[in-house]
Every structure is written in structure tokens, then in C-alpha cells.
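No value in this document is a laboratory result; all are computed from the given coordinates. This one's a predicted model, so the numbers in the text were calculated from it and none came from an experiment. Cβ sites come from the backbone with ideal geometry, for glycine too, and all protein chains shown count toward neighbours.
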Amino acid sequence: MNRLAMIAALGALSVAFGCGAVAGAAEPGVAGAAAAPCTGTWKFEMVGERSEEVVMKLAQDGDHVTGKASGRNGEVDVSGTCKDGDVELSETVTSPFGDGEMQIDFVGKVTGKNMSGIVIYGTMGQGKFTAKKQ
């Protein structure tokens, strides 16, 4: 490679790396992805007392998580925490027995685009859940 071609190649590399860093930092969700691993749309599959699928749209601010869950109970509010890979989420739904409301708790771990743990159906029992970020 001649000297002029080498200078052009080095210039192109420096522009490519410079623009990539700027674009990555400005892209929504990229810079904060590690800081807010629970933010996003998640498809949950629960197996246990009440096997079902639920979609949760979550937003994380610091350790606090809020959002909406949509499933067979319609749409309900979700809140909880996500810190150092540990996740605790809660939602309140109408009891399947028509006797008021029931709190459902999710306790687990998040790693990248995967979440898993146990789901506790009030006093009805518990099961396992897995979730994938969409």
C-alpha cells in the first residue's frame, strides 16, 4: 500500500470509530442498556398454578421499575425493583375466584435479554417464569 492510500485508510478508520462512538452514545437504549436492564418489552411465560403468557412493558429509573402487564386479566400496573441483576416485580389482578384482588409477585434474575425466577400467586401457590426481551 502506498503512503497516500495508507493515510486515506487511517483517516477512514478514525472517522468510522469516531462516528460509531458518537452514534452509539446518542442511540436510545444503547448507552443506558447496562444501567437499566429491565427497561423494554418482555414476553413472560409462567408455568405453575396458573400457566399463562403475559407481555410486560417496563421502564426502569435507577432501581425502580414501573410498567404495564397485558394478559388474560387485561392490562394492569406493574411496579418493583431491578438492581444488580436481581428483579422483584408485583402486579395486582382480579382473583380468578371472583373474591377480590390477588397480588402476583415475580422474583428472579435478569441477564441480558433473559429473565427467570419464581412467580407467587398470592396464597394460591407459586410457579416458575421465564421472560425474553422483545
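A compact table of results
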item	result
3J(HN,Hα) from dihedral phi, the range 118-134, Karplus parametrisation 6.51/-1.76/1.60, rounded to Hz, x for glycine, proline	10, 10, 10, 8, x, 9, 7, x, 8, x, 10, 9, 10, 9, 10, 6, 8
Summed side-chain charge close to Phe106 - residues other than Phe106 whose Cβ falls under 10 Å, Lys, Arg +1, Asp, Glu -1	-3
Positive-end residue of Ser95, Tyr121, Gly62, charge dipole of the range 40-133 with Cβ unit charges	Gly62
Projected label distance in nm at Val55 and Ile118, using a 7 Å step from Cα toward the beta-carbon	3.0
Qualifying trypsin sites (Lys or Arg not before Pro) for the range 105-134 [loop in DSSP, other Cβ within 10 Å: at most 16]	Lys113
Dipole magnitude of the range 40-133 about its Cα centre (Cβ charges: Lys, Arg +1; Asp, Glu -1), debye to nearest 20	480
Nitroxide proxy distance, nm - points 7 Å out along Cα→Cβ at Asp63 and Glu45	3.2
